[in-house]
Amino acid sequence: MSRIDMHAHVIPDFYRAAAAAAGHGHPDGMPAIPPWSAGAALATMDGLDITTALLSISSPGVHFGDDAAARELARAVNRFGAGLVADHPGRFAVLAALPLPDVAGTIDEITFAYDELGLDGVVLETNSGGVYPGDPAFEPVWDALDERSALVVLHPTSPPGWELVARGRPRPMLEFPVDTARAVTDLLLTGTLQRHPRVTIVVPHGGGVLASAADRIATFAAALPEAQGIDVRSQLRRLYFDLAGMPLPHQLPSLLALAGPDRLLYGSDWPFTPEPLAKHLAAALDRTPLLNTEAQHAMRSGNAAGLLPRPAQDA
């Protein structure tokens with residue numbers, strides 16, 4: 001059974017230079033931005049039996065503090081991604097980068113990404129300059145995405161105040177899983193998900209700590225004035241979860257109880273997860289008794305094939 005990779009990254013040279021110039025040469029406390037090329041991506045995909053990879057810009061996204069520069073960088077990244085799709089039919093799909101928290105620029109880029117470039121969805125950071133995705137200021141963005149029945153893939157980033165809590169450790173270790181759960185909780189309790197039923201949401205890294213906190217969130221929601229009329233458990237069942245990262249042995253059992261095998265997606269997180277580790281993690285998923293043959297096929301490619309607007313290469 002081959003795979004569709006729903007969590008892979010693209011790093012154009014001009015993006016690497018822009019991020020480094022903005023002080024993100026060691027993004028989120030990681031040692032460096034890893035090397036990337038289309039040839040290396042395809043070779044890694046072949047080594048992992050990946051037919052199609054859904055590419056996106058990783059944290060910290062494209063907004064480094066200046067709206068105009070963020071709009072320009074998002075446009076360049078998205079044109080680059082469209083070129084990859086054209087040059088390698090069936091091998092790559094691409095999520096549009098958006099210049100949030102610039103709402104006007106983001107809506108313009110959604111229009112361009114869909115109408116001019118024909119991209120496959122959008123990637124949203126779990127917070128944009130400390131503003132979480134359910135903030136009322138972002139409602140026009142969600143309206144635009146809902147109108148297009150958009151595929152929206154979240155990606156974790158450093159939370160506001162990380163300097164006080166990370167203690168110099170790489171933020172992907174703990175802050176990313178927590179911020180992922182925080183972003184989804186914000187979308188749930190503000191009613192953003194409920195108001196936009198045509199949007200499909202993919203939550204990264206198995207939802208971070210979301211599955212273990214889901215019952216707690218739902219119980220508290222019943223007592224919160226802002227969440228009255230919101231069926232938290234029903235909205236949670238709308239979500240898809242990619243398994244990039246380390247879902248075994250502890251995370252996957254909780255996630256299966258929350259979401260079920262029809263909501264699981266394979267993700268490599270290459271190149272931020274090096275190829276040898278990605279192969280090790282994929283092999284562990286292949287061997288787990290938690291997923292029978294039918295669930296394995298659904299997770300590897302079946303579920304993903306139904307989400308991509310263009311057919312993936314035959315999986």
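Of the residues making up the range 249-274, those that are within 20 Å of the chain's Cα centre (by Cα), touching a residue at least 40 places away in the same chain (Cβ under 8 Å) and surrounded by fewer than 16 Cβ atoms within 10 Å (Cβ to Cβ) are D262, P274. Of the numbered criteria (1) of a type outside the set (F, W, Y); (2) in contact with a helix residue (DSSP H, G or I) (Cβ under 9 Å, 6 or more places away or on another chain); (3) not in a strand (DSSP E or B), the one L124 fails is (3). Which condition number in (1) without any contact (Cβ under 8 Å) to a residue 60 or more places away in the chain; (2) in contact with a strand residue (DSSP E or B) (Cβ under 7 Å, 6 or more places away or on another chain); (3) charged (D, E, K, R) is the one that E125 fails? Answer for E125: the failing condition is (1).
Residues of the range 219-259 that are more than 16 Å from T192 (Cβ to Cβ) and β-branched (V, I, T): T219 alone. Criterion applied to R79, R75 was being surrounded by fewer than 19 Cβ atoms within 10 Å (Cβ to Cβ) and either of a type in the set (K, R) or in contact with a Cys (Cβ under 6 Å, 6 or more places away or on another chain) (or both), and the one residue passing it is R79.
Condition check ((1) at pLDDT 95 or above; (2) of a type outside the set (A, V, I, L, M, F, W, C)) across all residues:
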| site | (1), (2) |
| --- | --- |
| G206 | yes, yes |
| A222 | no, no |
| Q228 | no, yes |
| V232 | no, no |
| P247 | yes, yes |
| D262 | yes, yes |
| N292 | yes, yes |
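The residue that is nearest to V153 (Cα to Cα), among those in the range 202-227 that are touching a helix residue (DSSP H, G or I) at 6+ places or on another chain (Cβ under 9 Å) and assigned to a loop (DSSP other than H, G, I, E, B), is P204. If you filter the range 143-177 down to residues that are hydrophobic (A, V, I, L, M, F, W, C) and modelled with pLDDT under 95, you find that the one that is farthest from L239 (Cα to Cα) is L164.
The residue list R233, R310, R216, R287 contains one member that is surrounded by fewer than 16 Cβ atoms within 10 Å (Cβ to Cβ), more than 13 Å from H7 (Cβ to Cβ), over 18 Å from the mean Cα position of the chain (by Cα) and in contact (Cβ under 8 Å) with a residue 60 or more places away in the chain, which is R310.
The values are calculated or read from the model by the stated rules, or taken from the named source; none is laboratory data. Here the structure is a predicted model, which is why all the values come from computation and not from measurement. Heads up, the Cβs are rebuilt from the backbone with ideal geometry, glycines too, and the neighbour counts pull from every protein chain shown.
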